[in-house]
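The values are calculated or read from the model by the stated rules, or taken from the named source; none is laboratory data. This is a predicted model, so every value here is computed, not measured. Note that each Cβ is placed from the backbone with ideal geometry, even for glycine, and that neighbours are counted across all protein chains shown. All accessible areas refer to the heavy atoms of the entire protein, side chains included, with ligands and DNA or RNA removed. Shrake-Rupley method; radii C 1.70, N 1.55, O 1.52, S 1.80 Å.
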Amino acid sequence: MLWSALAAAFTGRFLQFNQPGFSIPMAITHPNSSVLKTITVLVTVFLLNAPAFSQEEIQVHSYTNTKGFTFRNFSFTLTPENTILASDSRLKAKGYSRNASNYRHEILDENSINFTEYGQFQVFIPQEKFSLPHKATTFIIARMPQTSPQTQGYKEKVEKKQQLYKKIAQMVKEKKGSVDVVFEFPYPNSETIDANIFFRTYNGEYIDRVGKL
């Protein structure tokens, strides 16, 4: 968008931005004398409005099952900018470790027995990069639940979770690409998020779609 606008400045075309939050009509009739000013204005507007595009709009889907429980889920795009792995130094500084005295601070990644045996892992989202209302002060913790060995199709379900984690980890480590995932609210009937969300699962299987099952 910005480069197209700059190109238009040099050709003397009429520019019209129609982006959420701003509209800038600009007629440039003397590009040689006003190009610098035009570039300055465009760059300033772009930078001022960048926060508006830094978070994706999240649509929450809800449905009520036959037992009267309401479940809420939503899709989310993980990127290198909004995803932190459990082994990150920023988390270790907050007490996360391999042998944490508090199980809540246990590092759950590909080197954890819970990952290899049950497909369990977690990743972290900086709270300012998560646009749904929440009560987190630092990170939203995105948790993948365990799959019990007694679950039908246990092996395949665990492998599906592990493959998802490996895609996420590769994206973060290579600092490129994105991974679309589906999260759900912490508990049935819950309408708010504190600092925890869960990858959507049913009968031990990760569900990669939104809406009613």
Inset, instruction - Go through region 62-72 residue by residue and turn each phi into a ³J(HN,Hα) via Karplus (6.51, -1.76, 1.60, θ = phi - 60°); whole Hz please, and just put x for glycine and proline. - result: 9, 8, 10, 7, 5, 8, x, 8, 9, 10, 10
Legend entry - For region 137-148, Karplus couplings with θ = phi - 60° (6.51, -1.76, 1.60), whole Hz, Gly/Pro x: 9, 10, 10, 8, 9, 9, 10, 9, x, 6, 10, 6
Legend entry - Simple label model, 7 Å out from Cα along Cβ direction - K94 to R143, nm: 1.4 nm
Legend entry - Label-point separation in nm, E81 to V60, each point 7 Å along Cα→Cβ: 2.5 nm
Inset, instruction - Hey, can you grab everything whose amide H is under 5 Å from the amide H of T83? Only 5+ residues off in sequence or another chain; H modelled, so Pro and N-termini drop out. - result: none
Inset, instruction - Could you please put D88, D194 in sequence from largest to smallest accessible area, using a 1.4 Å probe? - result: D194, D88
Inset, instruction - Using θ = phi - 60° and the Karplus relation 6.51 cos²θ - 1.76 cosθ + 1.60, list the HN-Hα couplings for region 105-119 in order, rounded to whole Hz, with x at every Gly or Pro. - result: 9, 6, 6, 10, 9, 5, 9, 8, 5, 5, 6, 5, 8, 10, x
Inset, instruction - Among the listed pairs K175/K212; K94/K155; K94/K175; K176/K212, give every one whose C-alpha distance is greater than 30 Å. - result: K175/K212; K94/K155; K176/K212
Legend entry - Two-site FRET efficiency, N203 against Q170, from Cβ-Cβ distance with R₀ of 25 Å, rounded to 0.05: 0.35
Legend entry - Solvent-accessible surface ranking, highest first, for V60, V158 at 1.4 angstrom: V60, V158
Inset, instruction - Please work out how much length the chain gains when fully extended from L213 to S178, using 0.36 nm per residue of separation minus the C-alpha to C-alpha distance, in nm with one decimal. - result: 10.1 nm
Inset, instruction - Scan region 57-116 for GluC sites (Glu not before Pro) in coil per DSSP, keeping those whose Cβ has at most 15 other Cβ atoms within 10 Å, and list them by number. - result: E57, E81, E110
